[in-house]
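Below you'll find the structure, written out as structure tokens, and then a few comments.
The values are calculated or read from the model by the stated rules, or taken from the named source; none is laboratory data. For clarity, every value in this text was computed on a predicted model and none was experimentally measured. We place every Cβ from the backbone using ideal geometry, glycine too, and count neighbours over all the protein chains shown. SASA here: full protein model, heavy atoms, side chains in, ligands and nucleic acids out. Shrake-Rupley method; radii C 1.70, N 1.55, O 1.52, S 1.80 Å.
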Amino acid sequence: MVELYDLSPLPNSTLRNISTRGSVGTGDNVLISGFIIGDVASATVIVRAIGPSLAAYGVSGVLSDPTLTIYDSSGSVIASNDNWQDNVNSIHIGRNGLAPPNPSESALVLHLPAGAYTAIVRGANDATGNALVEVYHLH
């Protein structure tokens, strides 16, 4: 599932969020989502990996403890998180109204230069289940 939100019907509107839901397995069977920072020199984004909270929306077999890793276009890890409140920028996640409902979910605040990035969601301790990866562009 892919969702795209346009906050304004005006021609100069800006994409603020995109999300993908899928099944997370083990090994190479992970949830992969790519995103591009373009048309600007840099941007600040919040990337979240949601699992347990999906049950409240009727999703069954949710991933109990999602981990999130962000890679740059050369394949280098630039950030990772398990349990969003352990992130040094967790206060900024909450201030933007994007705190995941469950403490075992993951979230990162990233200040990124223009380029292509990949978010990978895995289950902690090789757990499996359904998860959602979201990318929010902040002003």
- Match the structure shown to one of the listed values (1) 15.2; (2) 21.4; (3) 16.0 of Kirkwood radius over Cα pairs in Å, computed from it, and give that label. (1)
- Taking +1 at the Cβ of each Lys and Arg and -1 at the Cβ of each Asp and Glu, which of Ala79, Val133, Val30 sits farthest along the dipole of region 21-135 towards its positive end, judged by Cα position relative to the Cα centre? Val133
- Cα-only Rg/Rh for region 14-68 with Kirkwood Rh rounds to 1.03
- Query: What is the set of long-range amide H partners of Asn130 at a cut-off below 5 Å, with H atoms built 1.01 Å from backbone N?
  - Reply: Val24, Val62, Leu63
- Query: What is region 77-139 by shape, rounded, prolate or oblate, if you read a ≥ b ≥ c off the alpha carbon gyration tensor as root eigenvalues and call it rounded for a/c under 1.5, prolate for a/b larger than b/c, and oblate otherwise?
  - Reply: oblate
- What helix-only [θ] at 222 nm does the chain give? Using -39500 (n - 2.57) per DSSP H run of at least 4, over all residues, to the nearest 500, the answer is -1000 deg cm²/dmol
- Message: Between region 39-73 and region 96-114, how far is it from one alpha carbon centroid to the other, in angstrom?
- Response: 8 Å
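Ranked from the most accessible area to the least, with a 1.4 Å probe and all protein chains present, what is the order of Tyr117, Tyr71?
Numbers: Tyr117 20, Tyr71 45 Å².
Of Tyr117, Tyr71, the descending order of accessible area is Tyr71, Tyr117.
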- Item | Unit charges on C-beta of K, R, D, E only; dipole of region 30-139, Debye | 140 debye
- Compute the accessible area per residue over the chain, keeping the other protein chains in place, probe 1.4 Å, unit Å². 53 Å²
- Message: Taking the full set of protein chains and a 1.4 angstrom probe, give the accessible area of Ser23 in square angstrom, rounded to the nearest 10.
- Response: 90 Å²
